[in-house]
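Notes follow the structure.
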Amino acid sequence: MNIRERSITMLARWAAAAARDALRLSDRPDLRCYGTGFGSWGVQTNQKAFAAYAAMAAAPELEACGGALSREELYETALGLLRFSLASHREGDYRCTDGTKWGHTWISALGVERMMHGVEAIESRLTDADRSLLRRVLVSEADWIVSSYPVVGHPDNASGRNKPESNLWNGALLHRVASLYPELPQAEAYKEQGSRLLVNSISVAADAANERIVDGRRVADWFVGDNFFPSYALHHHGYLNVGYMVICLSNVAMLHFDYKRRGVRPPEALYHRARDLWELVKRLTFPDGRLLRIGGDTRVPYTYCQDYLIPTWLLAEDAWGERCDGWMTGWLDTVEREQSAGGDGLFLSERCRTLARRSPYYYTRLESDRAATLSMSAYWGGEPSAADPRPDAAADATPFAWSDAFHGAALHRSAKRIASWVWQAAEKPQGLCLPPGDSSLAEWRWNLAGRIQGLGTLPAHEVVSHGQQTFPGGFVSYGVHRVYTEQLLGEGIPREWLAEQRTAVCALPDDTTMIVLQHAASPVRSYVEAVSGLNLQIPNDLFNGSRRTLHVEVGALEVEGAGCAREEVMPLGSTWANVDDRVGVVAVYGGALRLYRPGRRNVAPKRYAGRGHDDALGTLYVDTLCIDAELGLQRREAGETWFDVGAVVRSGETHEVTRSFASGGGAVALPCGAAMRAVSVRGEDGHRYVFLWNVADEAVEAEVPLPFAEGVSQLVSLEGQGIKESRGAKDCRIRLEPGEARLFRSADAGGGDDV
């Protein structure tokens, strides 16, 4: 089966199951609504479901792909859903099921854009009354955008003016309406404001002086504000939001394919900097199509933004000559696996069963995102020729490095290792060290950043400061953040300050190793119910068969994931561990390794991420490798330490290699004073590295013993900074500023350095 056929087959299974949520309205049997029928996202949920039913109804391959609903039943359902959407608009004669009418908001255009390929698919089935009301709705929305939606842009979400995605879909709608109804007297005004919005979507500061001509004007003349940083980092919803980079590109795709199918020349502004953003997004994608969200995710894993990679891949293939079928095939495999696990034809019923019971409004929204994007694959997608000479972009293993100062973000990706660290993340901070070939090992929230869980139902982390250096093959990042707990049971305590935490991490330039050092102390008397150092998350759910093999000193442990019903901390009796012969971990100082098992799906949307909500709304099961994890009520006085730990994480290695590395002195702590932490690590490239970190609030100068063999007693700073050293000496004297971390590498006695 090709990609189109696979998409239609999955949609056909879904359509029959989802029909229970696409019911006729008792007082208007000509109308149907999918989901709750409420305003806001309820409207968009219905519009996306309409697009899915419409694209299926029009698909020539429908009968060959099976499904319980006939073509005529699909057409009938699609028309009922569309008519409800139009009738409940401000221009219509009906209402949403919560009594409201929709339209004339910053987000109204989004649902319209996501449904318009469905309108095109069943256009021949529309009545004159349908077409007339559709026109009134579209023109009404376009008029509101021109009169009431301001064009703004700013890279910092805290400004309230970071609007990349809404600028894009509102600008796209203006151009769409002008193209569909060119006879309108306001059509030229639509196009002018549409281009202004599009240019100020994927916009950067350099556009203020950009002389390139777009839609008849210099970019500089269109420019209002930069919504992306120069690195193309996006600080949307207050964190490094890889997902919304995809949302922007997906909306480019929707208008691109509309113009293509109608044979109309698209506005040049539609593609403004889209190719540049794509070049980053494609490197933030695993080979199997899963999004590499180095800044984390505040919503349900494996949903929403992930789904909108489908139109983004279709755009990249059609507009820029990329070959994305490897990504597409891998993602469809994942979708099929999850749909099969539910056993009822719905896409998310296995992982999100409780969410569906607690919030039909949110659950049907997620189902409709998946259905709508698969319908785009069914309607726009093709199959590359077997003789197509283009390489599959998903197989590109070229080393890639990227960083962004505002977010404190650094990434190095190679064939063997993905290493990243981000301070301004969804859950601050977080990092990754894992092989690119296994996306099921990736989970983001506070990964590699330790865990301090207070007594409130909502955790809060605030970054105080951070710094970083990058160099060929790796990076160093260090900083301070504060850990709080909110929504406490006691009255008069809005939040409690639990810890001042310092972290230093280093990705060695050996394509294998990451060093993680953590120190957390209580600034005042505080109470917690869980604490652990390291905090390496190990997803263990249906995407990996809910089973992991954990190798430790005493042997191999088979660890069951989703379905495990007991929360516990398992002592491992080992200072090293290896997960599935893919990731090795060595505890260098601070305690032994333990495995935290939550006993439930414990990754919930961020707003429900406290322990009070995890039982109800968790949608992914994740075990955690920790250093000295503790559960139960604990107290610390001011100045007392929660944890002081160091570890090495090694990507892409077997358990035999991890055992040998740990037992052979691959990583050792070096004594150098109370305020300095020093770890010596043997890199996979054969070099010996020393990672130094000052945990104090003042500058520290200390003697660092050199652990090298005779004749190798010189250190070279990979960040190009000076160092006081003496060739042939047994130690070096090094000064570090408050909180600073630096990486040094051994050089031969002749002073050679190939960095």
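The values are calculated or read from the model by the stated rules, or taken from the named source; none is laboratory data. Predicted model, so just to flag it, every value in this text is computed and none were measured. Cβ atoms come from the backbone with ideal geometry, glycine included; neighbour counts cover every protein chain shown. The accessibility values were calculated without ligands, DNA or RNA, using every heavy atom of the protein model including side chains. Shrake-Rupley method; radii C 1.70, N 1.55, O 1.52, S 1.80 Å.
Quick notes on this one:
- Qualifying positions in the range 548-568 - surrounded by fewer than 18 Cβ atoms within 10 Å (Cβ to Cβ), part of a strand (DSSP E or B) and either touching a residue at least 12 places away in the same chain (Cβ under 8 Å) or aliphatic (A, V, I, L, M) (or both): 549, 556, 557, 560, 568
- Residues that are more than 12 Å from residue 267 (Cα to Cα) and either in contact with a Lys or Arg (Cβ under 6 Å, 6 or more places away or on another chain) or among the β-branched types (Val, Ile, Thr) (or both) were ranked within the range 192-208; the one that is surrounded by the most Cβ atoms within 10 Å (Cβ to Cβ) is 202.
- Within the range 149-169, the residues that satisfy the criterion of being open to solvent by 30 Å² or more (accessible area, probe 1.4 Å) and within 15 Å of residue 108 (Cα to Cα) are 150, 163.
- Checking each residue in the range 334-348 for being within 22 Å of the chain's Cα centre (by Cα), under 19 Å from residue 603 (Cα atoms) and open to solvent by 10 Å² or more (accessible area, probe 1.4 Å) picks out only 334.
- Candidates 331, 313 - the one that is open to solvent by less than 10 Å² (accessible area, probe 1.4 Å), touching a Cys at 6+ places or on another chain (Cβ under 6 Å) and in a helix (DSSP H, G or I): 313
- Of the strands (runs of 3 or more DSSP E) lying entirely inside the range 425-479, those carrying at least 1 residues that are open to solvent by 10 Å² or more (accessible area, probe 1.4 Å) and under 12 Å from residue 410 (Cβ atoms) are 458-471.
- When residues of the range 610-633 are limited to those that are open to solvent by less than 60 Å² (accessible area, probe 1.4 Å) and among the aliphatic types (A, V, I, L, M), the one modelled with the lowest pLDDT: 616
- When 113, 120 are checked against the criterion of being open to solvent by 10 Å² or more (accessible area, probe 1.4 Å), of a type in the set (D, E, K, R) and either in contact with a Lys or Arg (Cβ under 8 Å, 6 or more places away or on another chain) or not in a helix (DSSP H, G or I) (or both), a single residue qualifies: 120.
- Verdict on residue 726 being closer than 21 Å to residue 476 by Cβ, of a type outside the set (Asp, Glu) and either assigned to a strand (DSSP E or B) or modelled with pLDDT under 90 (or both): no
- Lone qualifier among 98, 93, 130 - being open to solvent by 20 Å² or more (accessible area, probe 1.4 Å) and more than 34 Å from the chain's Cα centre (by Cα): 93
- Out of 189, 172, one residue alone is part of a helix (DSSP H, G or I) and open to solvent by 20 Å² or more (accessible area, probe 1.4 Å). It is 189.
- Residue in the range 206-213 that is modelled with pLDDT of 95 or more, among the charged types (D, E, K, R) and part of a loop (DSSP other than H, G, I, E, B) present: yes
- Out of 225, 296, 289, sole residue that is of a type in the set (Gly, Ala, Ser), buried (at least 19 other Cβ atoms within 10 Å of the Cβ), outside any helix (DSSP H, G or I) and at negative phi: 225
- Each residue in the range 62-90 was checked for being assigned to a loop (DSSP other than H, G, I, E, B) and either open to solvent by less than 20 Å² (accessible area, probe 1.4 Å) or within 15 Å of residue 39 (Cβ to Cβ) (or both), and 2 pass.
- Matching entry among 14, 41 (being open to solvent by 10 Å² or more (accessible area, probe 1.4 Å) and in contact with a Phe, Trp or Tyr (Cβ under 8 Å, 6 or more places away or on another chain)): 41
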